[in-house]
Amino acid sequence: MHTRGIHTFCLLFLIMLLPAGQAPAAPSLDEIMTMLPDEPTSVIGRSIDDRAAWDPIAKTASGKRAIAAAAKLAEKPIDAFRRDLYMEYFENGNRSHFQSHNGRRWRHLRVLVMGELLENRGRFVPAIKQAVEVMCSDPSWMLPAHDRKHVVVDGKQNYVDLGVAMYGYEMALTRSLLASRLDEATRQLIKDNLQRRIIDPVFDTIRNPEKSPLRRRHWWQQTTNNWNAVCTAGTTGVILSTVDSKRERAEAVASAMDNMTRFLAGFTADGYCSEGLGYWNYGFGHFAVLRQMLLQQTGGKIDLLDDDKARAAAKFPLNIHILDDVWPSFADASPHGKPGSDLMTYLGWQPAPKEADAADTGLMYWTMVALFSPTAGAQHEHVAEHARRTYFDQGGVMIVRPGEQTKQRFAAALKAGHNAEHHNHNDVGSMTVVLDGKALILDPGSMVYTADTFSSKRYTFAIMNSYGHSVPVIDGQLQQPGRAAAAKVVSTEFTDEADTFAIDLTACYKDANLSGAQRTWRYDRRGEGSLTMTDHIQLKVPGTIETALVGVDDWRRGDSGVLYVRDESGAALRVEITCAQPYDLVAEKLENPRHFEPVRVGIRLREPVAEATIKLMIRPAAADEAAAAKPVTITGKRLTITSTH
């Protein structure tokens, strides 16, 4: 699930002022109570009664679009909850049908709310009330994939997942921002639902972390991935905007701060996010929302960015950027993924737009941050694409770029790491190669999620296992999952002209016959640039050896030992294959229904051997040179292409 980033609050100036070092000691519960307002507030956003805030926005182009969208939706009732779609997950594993349907329903409510906040004429209030009544009658606000044994939709238990946290905070904002326009019965209906679905279950595990019957359901409070940030931000927003007791609100703040210590532990010290860029947008985006909540609630006394790990994590999209408009798609990311523009603006890495988009239909609390958080102006830091390299020495990833004052547009992302990362793929040794703003050889990214995606069947999919990545198949074995399946960095060498990154892949393969597997990349900035990848594999007795390239779908054959890969823009790479043994090229399109389907070209030695070195030199190719080469016929099945050494 991916949602839009966060707009216009530019933090760079604040970040630069933060002292180096770890976060200060957490304040006590009594100290937090002195920081909080006496009454619960919306935390983020402005009440409908604050016309000085809303009226200027209503006059903007996006404000007018938002009002028009609300007027259109007000003419029809909100769709009903579809239990049949919800239950599809338990029947056949499909989670997309319900999530699409339910997402449209919540969008319906937020469009109406935004329209009323902007117009302030009362004409959308009846539709809002009707939508609230329908949504509060839903048996579940949860995503079905997270409803274990469908106990929530069956009314047997309530607990919090990503959906409950996000949608619950949207409902809390509806109640708070429209407090003077909603009748008492509607406001109480919302409060009762928030109490039952979120507040009571969350406090049960905050106060009884070891004994609560929900402790396993609320595993996200202890985890180090995006779930912690998303669920903590949503539930804390609900509590701060709904609960009367200041002490209980302080308990929620203390718990949120504790949770975020664990969330940040999921990043390496150098700021690498193994979940991938899309989940950085989602997880760190909610960390930023929570940071803004606590900053505003405590008058600036609690700042989650006052921490080395948080500052490093905030810079992840700057450092992982390859070149032009391309970022790597390691883990469950998209091959076309980018950092959320609004979140980049919030963090100060790009200038704020002239006008925030009031008509955006992303999560309402993100729109509130966009519209009303102050900005530090035009001070910002651009993505440092002129830097020659970024090396995440803790995360095991290297980005190599052409450097300053060059017209060369050839760069790469090279991955070591291990096979127990968040949203893990068995992909140690994977890479992305970029030319002229196009990723031609790449990591395939994610699949459409089903019940099998996060099950024991995860690594039966080529997109998830090592077969779908540009890594070797050794003695018939794919890489194994697990923390022990890790690359060992053998050496690095950095100069102005070239960078070398050598890794040992031996531990990634559970093969008693394997003596050693080493991959060495050498990126050369001279001339048009080149990337040479050399695999040296040793077996105790002869066995099969294959390496591979995974990329876009237009592959062509040149002279003996030469391949080309190109896209519709004409950008093309030439691959020169050097190997002492005869080999075949085996090309196939990897199945990935309703998602990007890459082509894998295997370079497979014809005969079993005890030792082999396969060298691939990748460099830019002239468009006419690649176009003149013979296209490779690619089908959904393996196709052996006649190729001689």
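Is it fair to say F330 is aromatic (F, W, Y), closer than 24 Å to T41 by Cα and buried (at least 24 other Cβ atoms within 10 Å of the Cβ)? Walk me through how you get there before you give the answer.
On the way: aromatic (F, W, Y): yes; closer than 24 Å to T41 by Cα: no; buried (at least 24 other Cβ atoms within 10 Å of the Cβ): yes.
Criteria not met by F330.
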Whether any residue in the range 491-498 is in a strand (DSSP E or B), among the acidic types (D, E) and touching a strand residue (DSSP E or B) at 6+ places or on another chain (Cβ under 7 Å) is what I want to check.
yes
Restricting the range 290-309 to residues that are crowded, with 18+ Cβ neighbours inside 10 Å and not in a helix (DSSP H, G or I), the one farthest from the chain's Cα centre (by Cα) turns out to be T298
Looking only at the range 414-425, decide whether some residue is over 30 Å from H146 (Cβ atoms), at pLDDT 90 or above and of a type in the set (K, R).
no
Any residue that is touching a residue at least 40 places away in the same chain (Cβ under 8 Å) and under 22 Å from D324 (Cβ atoms) - is there at least one of those in the range 449-465?
no
For the range 565-582, give me each residue that is modelled with pLDDT of 95 or more and either outside the structural domain of Y467 (by TED's automatic domain parsing) or of a type outside the set (G, A, S) (or both).
V565, L573, R574, V575, E576, I577, T578, C579, Q581, P582
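Of everything in the range 361-379 that's part of a loop (DSSP other than H, G, I, E, B), modelled with pLDDT under 85 and in contact with a Ser or Thr (Cβ under 8 Å, 6 or more places away or on another chain), which residue is surrounded by the most Cβ atoms within 10 Å (Cβ to Cβ)? Spell out how you get there, then give the answer.
Filtering the range 361-379 for residues part of a loop (DSSP other than H, G, I, E, B) gives 361-363, 373-379.
Still in the list and also modelled with pLDDT under 85: 361, 373-379.
Applying the additional criterion that residues be in contact with a Ser or Thr (Cβ under 8 Å, 6 or more places away or on another chain) yields 373, 375.
Working: S373: 21, T375: 18.
Per the stated criteria, the residue is S373.
Suppose the filter is surrounded by fewer than 14 Cβ atoms within 10 Å (Cβ to Cβ), among the charged types (D, E, K, R), free of Cβ contacts under 8 Å to residues at least 40 places away in the same chain and assigned by TED's automatic domain parsing to the domain that holds M398; does R522 pass it?
Working: surrounded by fewer than 14 Cβ atoms within 10 Å (Cβ to Cβ): no; among the charged types (D, E, K, R): yes; free of Cβ contacts under 8 Å to residues at least 40 places away in the same chain: yes; assigned by TED's automatic domain parsing to the domain that holds M398: yes.
Answer is no for this residue.
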Keeping to the range 546-566, report how many residues are within 34 Å of the chain's Cα centre (by Cα) and either over 17 Å from R409 (Cα atoms) or surrounded by fewer than 17 Cβ atoms within 10 Å (Cβ to Cβ) (or both).
13
Any residue at all in the range 438-451 that is out of contact with any strand residue (DSSP E or B) (no Cβ under 9 Å at 6 or more places or on another chain) and of a type in the set (D, E)?
no
Find the strands (runs of 3 or more DSSP E) located wholly in the range 535-614 whose residues include 1 or more that are of a type in the set (S, T, Y), and list them.
545-551, 562-566, 572-579, 583-589
What's the total number of residues in the range 459-490 that are out of contact with any Ser or Thr (no Cβ under 7 Å at 6 or more places or on another chain) and either polar (S, T, N, Q) or surrounded by fewer than 17 Cβ atoms within 10 Å (Cβ to Cβ) (or both)?
11
Lone unmet requirement of (1) without any contact (Cβ under 8 Å) to a residue 60 or more places away in the chain; (2) in a helix (DSSP H, G or I); (3) farther than 23 Å from R389 by Cα for L343:
(1)
List every residue pair whose Cβ atoms lie under 6 Å apart, where the two residues are 6 or more positions apart in sequence or sit on different chains, the first residue falls within the range 278-307 and is in the same structural domain as M166 (by TED's automatic domain parsing), and the second residue, located anywhere, is assigned to a loop (DSSP other than H, G, I, E, B) and of a type in the set (D, E, K, R).
L295/D303
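The values are calculated or read from the model by the stated rules, or taken from the named source; none is laboratory data. Here the structure is a predicted model, which means the values were calculated and not measured. FYI the Cβ positions are ideal-geometry reconstructions off the backbone, even for glycines, and counts take in every protein chain you see.
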